[in-house]
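Chemist: For reference, the structure I am asking about is given below.
Read the figures in this text as sums done on the coordinates, not as results from a lab. All of these numbers come straight from a predicted model, not from anything done at the bench. Virtual Cβ from ideal backbone geometry, glycine too; neighbours counted across all protein chains shown.
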Amino acid sequence: MKLFEYELELSPGHTLELIHSTNPTFSHNIGQIGEIVKNKYPDLKIIDIGANIGDSAIIFSHFCGKDTPILCIEGYDEFFTYLEKNTKPLNVTLSKTYLDADDSERNLRLTFGQGDAGFIDGEDSYNFKSLKTVLNENSLFLDAKLVKTDTEGMDGRILKGAVDWITETKPVLFWEAFQTLDTMCHGPGTEIFTILCSIGYKNALAFDDMGRFLGGFSMDDEETVNKLWEDYPGGPQYQWHRRFLDICAFHDDDIDLYENSLTHFRR
């Protein structure tokens, strides 16, 4: 399929082309946020966790410029093969890695279908690394100012494990807040909002998983956080009619980026 000026080869059964047939601006919000961040930080570097087959890297490159360095992290073999093919024209560094809160070996089962892959409890052995470990292996990205993570329920765990690096670097954070899968992955739930708020991330934007803008909110507004979490829980596999959340949080040092993004998406 064509994605902006790039050819994107889909893995078997991937539904991205079907999604784009009814929602042609799907995931453009991450690129638009990236463009706003790059206007402030011209030397922007991006970390793309759960890079899948490279569609998000293409979106970032379109909005932020082809030369923008992107660290693409993807652990699933099949997706990584397509990620390598699809990102050849881009300025990417690839890491074939599953991320978690820390470096560990865990017994889990990998589930996959319709363009997603994630973990549930099981007996198979998988090795995981923390984000900080991967960044130490790819030191160019230690000062990255934008992190996107979409890992089918592991997102809260990954962010919680990277809190020391986040505290130091203060990147804009865009993550999939999928209550159903977060629970299945033994994630932190709404605690991740509290943790990030405590280190200076007071303001955030909420989108549904199709990219529809839901509004801006304060991360310390427990009532609003809980309502969003409960109203957009997501569904078990193949029950995609139940919407879930994408959250974009901004450190207080970047209140201007929050305000600019809020103005942009309210239009």
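Chemist: If you find the alpha carbon centre of region 65-94 and of region 178-236, how far apart are they in angstrom?
Modeler: So the separation of the two Cα centres works out to 27 Å.
Chemist: Could you pull out the trypsin sites (Lys or Arg not before Pro) across region 60-96 that fall in loop regions by DSSP (anything but H, G, I, E, B) with no more than 14 other Cβ atoms inside 10 Å?
Modeler: Details: sites: Lys66, Lys85, Lys96; in loops: Lys66, Lys96.
Loop-located and lightly packed - Lys66.
Chemist: What residues have an amide H closer than 5 Å to that of Ser130, excluding those fewer than 5 places away on the same chain, when H is modeled at 1.01 Å from N in the peptide plane?
Modeler: Close amide H contacts, sequence-distant or interchain: Asp100, Asp103.
Chemist: Mind checking region 179-267 for chymotrypsin sites (Phe, Trp or Tyr not before Pro) that DSSP puts in a loop (not H, G, I, E or B) and that have at most 10 other Cβ atoms within 10 Å?
Modeler: Here the sparse-neighbourhood loop sites are Tyr238.
Chemist: Under a Cβ-only charge scheme (Lys and Arg +1, Asp and Glu -1), can you give me the dipole magnitude of region 2-266 about the Cα centre, in debye to the nearest 20? Provide the component values of the computation, followed by the final result.
Modeler: Values: 23 positive and 45 negative charges, 107 e Å.
Dipole of region 2-266, to the nearest 20 debye: 520 debye.
Chemist: In 5 Å bins starting at 0, how do the alpha-carbon pair distances of the chain split up by percent?
Modeler: 1, 6, 14, 19, 21, 19, 14, 6, 1, 0
Chemist: What is the gain in length, in nm to one decimal, between Thr133 and Leu10 on full extension, counting 0.36 nm per residue of separation less the C-alpha to C-alpha distance?
Modeler: Extra length from Thr133 to Leu10 when fully extended: 41.3 nm.
Chemist: Continuing with the same structure: By the scheme Lys and Arg +1, Asp and Glu -1, what is the net charge of all other residues having a beta-carbon under 12 Å from that of Leu135? It would help to have the intermediate numbers written out before the result.
Modeler: Numbers: positive: Lys45, Lys129, Lys132; negative: Glu137, Asp143, Asp164, Glu168.
Residues near Leu135 contribute -1 overall.
Chemist: Where in the chain are the DSSP H helices whose alpha-carbon span along the long axis reaches 18 Å or more and whose Kyte-Doolittle mean is at least 0.0?
Modeler: Helices meeting the span and hydropathy rule in the chain: none at all.
Chemist: Name the long-range amide H neighbours of Lys145: under 5 Å, sequence gap of 5 or more, or other chain; modelled H, no Pro or chain starts.
Modeler: Lys45
Chemist: Another one. If you take every DSSP beta bridge whose two residues both sit in the chain, what share of them, in percent to the nearest 5, is antiparallel?
Modeler: Numbers: 29 of 46 bridges.
Bridges in the chain that DSSP calls antiparallel: roughly 65 percent.
Chemist: Picking from Asp252, Asp209, Asp150, which is most flexible by a Gaussian network model of the chain using Cα springs under 10 Å?
Modeler: In the Gaussian network model the winner is Asp252.
Chemist: Just want the answer: with Cβ charges of +1 for Lys and Arg and -1 for Asp and Glu, which residue in Ser130, Gly113, Ala144 is farthest toward the dipole's positive end in the chain?
Modeler: Farthest towards the positive pole: Ala144.
Chemist: For region 8-16, take each phi angle, set θ = phi - 60°, evaluate the Karplus expression 6.51 cos²θ - 1.76 cosθ + 1.60, and give the result in whole Hz per residue in order, putting x for glycine and proline.
Modeler: 10, 8, 8, 6, x, x, 5, 9, 4
Chemist: Between the DSSP loop rule and a limit of at most 13 other Cβ atoms within 10 Å, which chymotrypsin sites (Phe, Trp or Tyr not before Pro) in region 1-68 are left?
Modeler: Those satisfying the criteria are Phe4.
Chemist: Listing Arg212, Arg243, Arg266 from the residue with the fewest other Cβ atoms within 10 Å to the one with the most, what is the order?
Modeler: Details: Arg212 13, Arg243 16, Arg266 10.
In order of increasing Cβ crowding within 10 Å: Arg266, Arg212, Arg243.
Chemist: With N set to the residue count of region 1-126, report its C-alpha Rg divided by 2.2 N^0.38 Å to two decimal places.
Modeler: It is 1.10.
Chemist: Can you tell me which of Gly65, Gly122, Gly211 moves the most in a GNM of the chain? Springs connect C-alpha atoms under 10 Å apart.
Modeler: Gly122
Chemist: Quick one: longest stretch of the chain between exposed loop GluC sites (Glu not before Pro), exposed meaning at most 11 other C-beta atoms within 10 Å and loop per DSSP?
Modeler: On the way: sites that count: Glu5, Glu123.
Value returned for the longest uninterrupted segment is 124-267.
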